Amino acid sequence: MDKIVIEGGLPLEGEIKISGAKNGALPIIAATLLCPGTHIIHNVPDLRDIRTILQLMETFGITWEKADTNTLAINSDNVSSFEASYDLVKTMRASVLVLGPLLARLGQARVSLPGGCAIGARPIDFHMQGLQKLGAQLELEQGYVDAKVNGTLRGNAVYFDIPSVTGTENILMAAVLAEGETVIKNAAREPEIANLIDMLTRMGAKIEGRNTDRLVVRGVKKLVPAEIEIIPDRIETGTFLVAVGAAGGDVNLTNCDPALLPSLFDKLRNTGLYLKEDKNSIRVIRSGPLKSVDIKTMPYPGFPTDLQAQMMALMTLTEGLSVIHENIFENRFMHVAELKRMGADIRVDGGRAIVKGHGKLNGAQVMATDLRASASLVIAGLAAQGITEVSRVYHLDRGYDDIVGKLSAVGAKIWREKE
Ligand code: EPU
């Protein structure tokens, strides 16, 4: 297993190209199960989660090839199997995204229940209730969700108690081939859902309400293969902005979309960073000391939970007090204990973390617990005095396309080593 070693204290200077969004690519790859033919997907990031979903798709009978470095051609002429095994689902919860499309295409699906993970219990009850509303019969058997439909799915109203990103995506993918109209109320509004809606629309689906919390789907009889571009990864973008905040310097992020991060820019400007947004790029400069800000994670367009850990690392470097509320996942403070090993002063009180900034961190050996926690430890390592070693790097490889290469290119002293 690899670890990442960082010699902290160097400012970052130069340009970083942002990759396509992991959470945009995963549902779009799953959507190719909906109809036969060859689908073309551009701007796919090179990540372990992408390899995992492709491996899962192969078990259903799809074939794929890379048309170029970041373009996938996925052929789904032969989809015969419908079981997503525990072995693959346990390594990536987003595997549950195949439930809706398999049910719509084959009338049945058997998908392992994902179980808990490092950031919370993360049930899939909304996905299951929504599919039942569309007429599927669901049973839980030996850790698997067994889903069947007699005839075809039928449109209905589906309401989410809490807007769920993959829940909304699953119901959308099931509803596009259902008979009649489905209305999804309190739908999630993350930009990756709009990306999926664009793909489904190109496939011939009829969907209204893009970017709103009320989606109306009028089922169609047949879909056709489509071509789509994955949107830039807003969480990767935010991670590098915060990294420059922590390490200092002047970096231009390219191939990104500043419009996808409405809540982050105000926060970062309030910490004292200079940000200049263009249509597809953002320049970030930190020249002075950092100021503390408070954060509350919320569904989009609120502050993303996927940037909470990174912001916490930044807040340890201020000279003030910051209160961070995590409102999406109940256990997403696993990075706190690791940041404390680097000298941070953080107290967790239920869903709230109180960070007392000391203006500095010290390098230490730390352990990555999940994807975004790993990113926060890398950010802390860039700013810390001395050497930081982050073990269990496979978490980072799940969701960051060449983070070590990208940071090295802007002057960070960061490298991988065998543990
Ligand atoms: N929830 C339920 N029941 C459900 C579904 C969700 O109670 O059936 C709850 C969750 O426990 C959570 C809230 O609803 O409290 C929202 O969870 P959501 O369903 O939106 O999360 P998700 O779809 O499982 C996606 C991203 C996550 C991201 C969250 C929140 C993908 C593949 N994953 O997860 O990304 O944190 O939305 O924005 O899109 C990551 O990339 O590191 C990551 C964890």
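The values are calculated or read from the model by the stated rules, or taken from the named source; none is laboratory data. Note that the coordinates shown come from a computational prediction; the quantities given were computed from them, not determined experimentally. No Cβ is skipped: glycine too gets one built from the backbone with ideal geometry, and neighbour counts run over all protein chains shown. Ligands, DNA and RNA are stripped out before the accessible areas are found, and what is left, the full protein with its side chains, is counted by its heavy atoms. Shrake-Rupley method; radii C 1.70, N 1.55, O 1.52, S 1.80 Å.
Sorting GLU192, GLU58 by accessible area (1.4 Å probe), largest first, what list results?
Solvent-accessible surface, decreasing: GLU58, GLU192.
What list of ³J(HN,Hα) couplings, whole Hz, do you get for segment 310-316 from phi and the Karplus terms 6.51, -1.76, 1.60, once you set θ to phi - 60° and write x for glycine and proline?
These are the phi-based 3J(HN,Hα) values: 5, 5, 5, 4, 5, 5, 5 Hz.
Which residues does a label at GLU419 reach in segment 49-77, if reach means a backbone N under 17 Å from a point 7 Å past the Cα toward the Cβ?
none
How many percent of the accessible area of the chain is carbon or sulfur, using a 1.4 Å probe?
48 percent
Checking a compactness column here: for segment 237-385, what do you get for Rg(Cα) / (2.2 N^0.38 Å), N being the number of residues?
Normalised Rg, Cα atoms only: 0.95.
What list of ³J(HN,Hα) couplings, whole Hz, do you get for segment 259-276 from phi and the Karplus terms 6.51, -1.76, 1.60, once you set θ to phi - 60° and write x for glycine and proline?
5, 7, 10, x, 8, 7, 5, 4, 4, 5, 5, 5, 7, x, 7, 9, 10, 10
Bin width 5 Å, alpha-carbon pairs only: give the P(r) of segment 164-261 as whole percents, running from 0 to the bin holding the largest distance.
Going from the shortest bin to the longest, the percentages are 3, 13, 20, 19, 14, 10, 8, 6, 4, 2, 1, 0.
So what's the back-of-envelope 222 nm ellipticity for the chain, counting only DSSP H runs of four-plus at -39500 (n - 2.57) apiece and dividing by all residues, rounded to 500?
-9000 deg cm²/dmol
If the elastic network links every pair of Cα atoms under 10 Å, which of THR52, THR305, THR212 fluctuates the most in the Gaussian network model of the chain?
Evaluated over the chain, the most mobile residue of the options is THR212.
Each label point is 7 Å from the Cα along the Cα-to-Cβ direction; what then is the distance between the points at HIS325 and ASN362, in nm?
Distance between label points: 3.5 nm.
Ordered by residue, what ³J(HN,Hα) values in Hz, to whole numbers, does segment 77-86 give under the Karplus form 6.51 cos²θ - 1.76 cosθ + 1.60, where θ = phi - 60° and Gly and Pro are x?
Per residue, the Karplus-derived 3J(HN,Hα) values read 4, 10, 10, 10, 8, 9, 10, 9, 7, 4 Hz.
Determine the per residue accessible area of segment 158-212 with all protein chains present and a 1.4 angstrom probe, expressed in square angstrom.
35 Å²
Can you put SER287, SER408 in order of accessible area, largest first, using a 1.4 Å probe?
Most to least solvent-accessible, the answer reads SER287, SER408.
Quick one: what do you get for the chain if you divide its Cα Rg by 2.2 N^0.38 Å?
Its radius of gyration relative to the 2.2 N^0.38 Å reference: 0.98.
How big is the accessible area of LYS148 in square angstrom, nearest 10, if you roll a 1.4 angstrom probe over the protein chains?
For LYS148, solvent-accessible area is about 110 Å².
Using all C-alpha to C-alpha distances in segment 1-135, build P(r) with 10 Å bins and read off the rounded percent in each one.
Pairs per bin, as whole percents: 11, 37, 31, 15, 6, 1.
What pairs in LYS66/LYS222; LYS17/LYS279; LYS267/LYS360; LYS66/LYS418; LYS148/LYS222; LYS360/LYS418 have C-alpha atoms more than 24 Å from each other?
LYS66/LYS222; LYS66/LYS418; LYS360/LYS418
Amide H neighbours of GLU227 under 5 Å, at least 5 residues apart or on other chains, H built in the peptide plane: list them.
ILE40
What residue among ALA30, ALA194, ALA174 shows peak mean-square fluctuation when the chain is described by a Gaussian network model with Cα springs under 10 Å?
For the chain, modelled as a Gaussian network with Cα springs under 10 Å, the answer is ALA194.
Roughly how much of ARG283 is accessible, in Å² to the nearest 10, using a 1.4 Å probe?
100 Å²
Give me the 1.4 Å probe accessible area per residue for segment 267-388, excluding ligands and nucleic acids, in Å².
41 Å²
Give me the orientation-averaged projected area of the Cα convex hull of segment 22-229, in nm², one decimal.
The directionally averaged projection comes out at 9.9 nm².
Rounded to the nearest 0.05, what FRET efficiency do TYR394 and GLU65 have when you use their Cβ-Cβ distance and R0 = 41 Å?
0.95
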